[in-house]
Each structure stands twice: as C-alpha cells, then as structure tokens.
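The values are calculated or read from the model by the stated rules, or taken from the named source; none is laboratory data. Owing to the predicted nature of the structure, the values given are computational and were not obtained by experimental measurement. Cβ: placed from backbone, ideal geometry, glycine included. Neighbour counts: every protein chain shown. SASA here: full protein model, heavy atoms, side chains in, ligands and nucleic acids out. Shrake-Rupley method; radii C 1.70, N 1.55, O 1.52, S 1.80 Å.
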Amino acid sequence: MVFKLHVWLGGSLGLSQVLFEDSKDMAEQYEEKYIPGSDAESSDIFKFPYTVDDNSINFIKKHGRIMFIIRGPPGTGKDSLTSMLVDCYETAFICSADTYFNNMFSKSKRDSGSLMRSHKYCQEKVQNACIKGTHPIIVKNTHMKKAEVQKYVDFAAEYNYTIIMAITTQKMQVTPEILAQSNTKGLSVEYFRRRLKQWQDFIPVNTGWFLNPDDSSLLLKQVQLNLISLLGDGKFCSHFNAFIKGHLEGHFKARKLLYCVAACGKNNRSEEIQSYYLSNNVKEHYGQCFPIVIQGYIVTFSYIAAIVHLNETMRNLLFIENNRSLEEDDIESVANLLGSLTLNENFLKCSSTKKFDYAFESFEDTVERVEEKDREVININNCGFMILAQNDCKIVLPNEVINIFFKLLSQKADKHGEIGWDNFHFLDNFFRYCRLADDAWLIRPPSDLSFETVFTGLYV
C-alpha cells in the first residue's frame, strides 16, 4: 500500500494533502479470502471492524441511526453475515426480500411479478423502520446493481441514517466456477457468469468520520459558546453586526449531518474516489470506530468548521482532491461556484441545514479550562475539517471549503505547520482567538473536545 504526502505551496506554507496513488499492481489482499461453501467459520471469514472490534461494535450500538446494507452475489454468505450482525446488535431490525416469500399469505412461486412485490415489501418495511427511528437497520439482499440499493440510500438521506455497506465479496473468492460448485441449488456456471456481470460497485461521494446524532447536538451547542466568546472582539462584532448574544441568532444554521471529511473529489463525484475507496487500506478500516479530538474552530462570514486532530492512521486515510489554487478574493465568493453544477438530491439533503437552538444559559457552566502545556498545538499537517454551520442554504463542494480552511490556517502556521499559542489573544472565560486573513477567526476554547466516530461513506 503506497501513500505519498503532497504539499501544495501557496505562500510560505502550503495545503497539506495525502493523495492515494492507484495502481493495478496492488492486487494483494489485506486478509485471506475464503472459498464459498468451505468449512471455515463465518466468524473467521467476515472479520470486519463492525463485527469483531469491541470498540466499534459498542459505538455503533449507541450511535442511534445506522443502516447496514448487505450486498453480495448468491452463495456468498449473506445469511451468515446477517447472523453475525444480529449477534453483535441484538436490537437490530432485519429485512430482506426473501422474507416476503416466507409469509404464508404471499405467493411462493418466484417470478418477475412476485420478485418485484418482494422488493417493494422490503422497501416499505425499511421505510417504516426509518420513520420510527429504529436502530440499527439491517437490509439483506443480493443488491447486485446500484439501482437495487438506491431506494435504501434514499431512505438514509431522508431520515438521517449513516450507512455501512457490508459486502460479502470482500472476504470471498468469487468466480462463476467456484459459485457453481459450492451452491446447493444446482445453479449453473452460466447463471453465475450472467449474475456476476451485473455487479456494480456503489461508491460514496465522500468518506469520513461520522458523529452520532447525540454528539452532533452536543457539539453544535458548544459551537454557540465559541460564537458568544467572539463578541469580545470588536472587529468580529462590527463584521457580523452583532454586539450582544441575541444579534447572532439566525446568522448561522447548523448542518444536518456532521462528519470530518476524509476523501472527496474536486467535483464531488463518486468515480473520483473509486480507486481510493476500493483500496485495501480503506477496506481494512471501513466501519471502524475512531476517536476524534476537536482542537478549535474556524469562523468566516459563511461557515463555521471544527478543526479535527488526526492520528497517523487517520492521516493515511486522507484523500482531498485540490481543484485549483485559490486566490485571496476567493474565500467568500467560492459560494457562487455552483451555478453550473448539479448536485445529487440526497447530497443536498445530507448537507442541508436546520435552525440553531440558541439556549445559551443551559450549557455555559460546562466550560472547563485545560492548561496549555497539556494540549497540543494545531498543526495543519495533522488536521482535518468538519463543517458545522453556514449562513445560507447554498451547498458548496467539500473540497472547495476544505481548501479555503487550509489556506487560512497556512498563513498563520510556522515552517513546521504549527500555530503556536503566541498567535492567540485572550477572551472572556479563557477562550483564545486569532484573526485570520479575509475576515476569518480561529478560536481555541478552554479545552479540546473528544468524540467517537465511525469511518464510513456518504452514499447518495
């Protein structure tokens, strides 16, 4: 597995960027693949983080809005993987088109009509589970084509579920000959050859580290503390025309889905990160729980973003495609770049905003000071970004916003990429701030925040 660190030079320091180098020579697998029908235990075969890693399982259990979508050709162990997930997540709701045929009132013979009804039955069951907020949801079908998965992806976007794609072929040796030999229904090589030709990868448009809904709400409340603290800076007050707490209400709206971006293409298309997403490194960590540390926040007139400290494993999962060098006057005008772009409706839903609940007095007492010596400085080579809020309904491509944030921070960083404490000024309640270029502010609250996340994709 080969990763290279590329630094885009813009000014004295540059945009740190880890780019995955695709190569067809990378055929080696990060784990052994098994032959369908072998004597191997399913627990040995399906060793995914969300089936074997206790930290990941415990986090997913309490996440609140996870949808597993199981995919795989006939005979590749989907039932076994489902059983493993049920063992891990006892409260899971499971739905499959096959359950339609187990219903005594349904037509038992399988033909095009009954198959269509079975999938409609499964979709309706899953949608009802989403409406009720059931967690987790497990959808098990062959899902050979993207179109067969799309309806469930639509539900996830509509009801704010985070998807984990559970793909059996990642752990199986799959050829028409092997499947024909191992299946117990007498299906032919030609049948499997035809079926395997139907397979389509479903690539997310972004990957990242996703918060659960409760932690998202807590983080957004903490963001309000940071905005309030900036009322102690006269330039901020003049720029935002806000001089007391109430003046900030309505300027920003909170993002619906919060995640720290790990990978995105310059045009936000899935094919741009396909080789990255299908790489062994991503497969190995997909569905894994990662702790993130939020060191500070960037506030511009258009956005609020959290600065996330990334450990070495997380840095090796970064892939941010830079579109172009950003000029000084691009910082706010970039929001107008989308006039000629058409974004998927589900991406717009996931990136939509909701009203901030400005309940200031309810959580101000939670602020505790941590001494500087006990905290790491911000290093632009070790950080990622999580977009938290924006001041209008325009949706800007993630890589554009991330490039802006990197450039703003790089102008304050030293030759090592560090933004030391001497760059900051004190505010009330031990908050610190630093003025950045283009009327932007960098805030360090009295303490860092730590959250658990799951590494997965944004499917649209």
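A compact table of results
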read-out: Residue within region 102-109 that is open to solvent by 10 Å² or more (accessible area, probe 1.4 Å), touching a Cys at 6+ places or on another chain (Cβ under 6 Å) and without any contact (Cβ under 8 Å) to a residue 60 or more places away in the chain present; value: no
read-out: Single match in Ile167, Ile94, Ile178 (criterion: β-branched (Val, Ile, Thr), surrounded by 17 or more Cβ atoms within 10 Å (Cβ to Cβ) and touching a Ser or Thr at 6+ places or on another chain (Cβ under 7 Å)); value: Ile94
read-out: Tabulated pairs, region 201-223, first in contact (Cβ under 8 Å) with a residue 60 or more places away in the chain and of a type in the set (Ser, Thr, Tyr), second open to solvent by 10 Å² or more (accessible area, probe 1.4 Å) and in a helix (DSSP H, G or I), C-beta under 9 angstrom, 6+ apart or interchain; value: Thr207/Tyr277
read-out: Test set (1) within 24 Å of the chain's Cα centre (by Cα); (2) hydrophobic (A, V, I, L, M, F, W, C); (3) open to solvent by 30 Å² or more (accessible area, probe 1.4 Å); (4) over 28 Å from Thr353 (Cα atoms) - Ile131 fails condition number; value: (4)
read-out: Residue check for Thr76: out of contact with any Cys (no Cβ under 9 Å at 6 or more places or on another chain) and open to solvent by less than 60 Å² (accessible area, probe 1.4 Å); value: yes
read-out: Residues of region 70-93 satisfying the condition of being without any contact (Cβ under 8 Å) to a residue 40 or more places away in the chain and assigned to a helix (DSSP H, G or I); value: Ser80, Asp87, Cys88
read-out: Filter result (of a type in the set (Phe, Trp, Tyr) and not in a helix (DSSP H, G or I)) within region 42-64; value: Phe46, Phe48
read-out: Residue check, Glu158 surrounded by fewer than 22 Cβ atoms within 10 Å (Cβ to Cβ), assigned to a helix (DSSP H, G or I) and modelled with pLDDT of 95 or more; value: yes
read-out: Test: residue in region 30-39 that is modelled with pLDDT under 50, in contact with a strand residue (DSSP E or B) (Cβ under 8 Å, 6 or more places away or on another chain) and either open to solvent by less than 50 Å² (accessible area, probe 1.4 Å) or within 19 Å of Thr207 (Cα to Cα) (or both); value: no
read-out: Scan of region 204-261 for residues that are among the β-branched types (Val, Ile, Thr), assigned to a helix (DSSP H, G or I) and open to solvent by 10 Å² or more (accessible area, probe 1.4 Å), ordered by number; value: Ile228
read-out: Pair list, Cβ under 7 Å, 6 or more apart: region 296-316 residue open to solvent by 10 Å² or more (accessible area, probe 1.4 Å), other residue of a type in the set (Val, Ile, Thr) and modelled with pLDDT of 95 or more; value: Tyr303/Ile387; His309/Val293
read-out: Condition met for Leu248 (at pLDDT below 95, over 21 Å from Gln150 (Cα atoms) and not charged (D, E, K, R)); value: yes
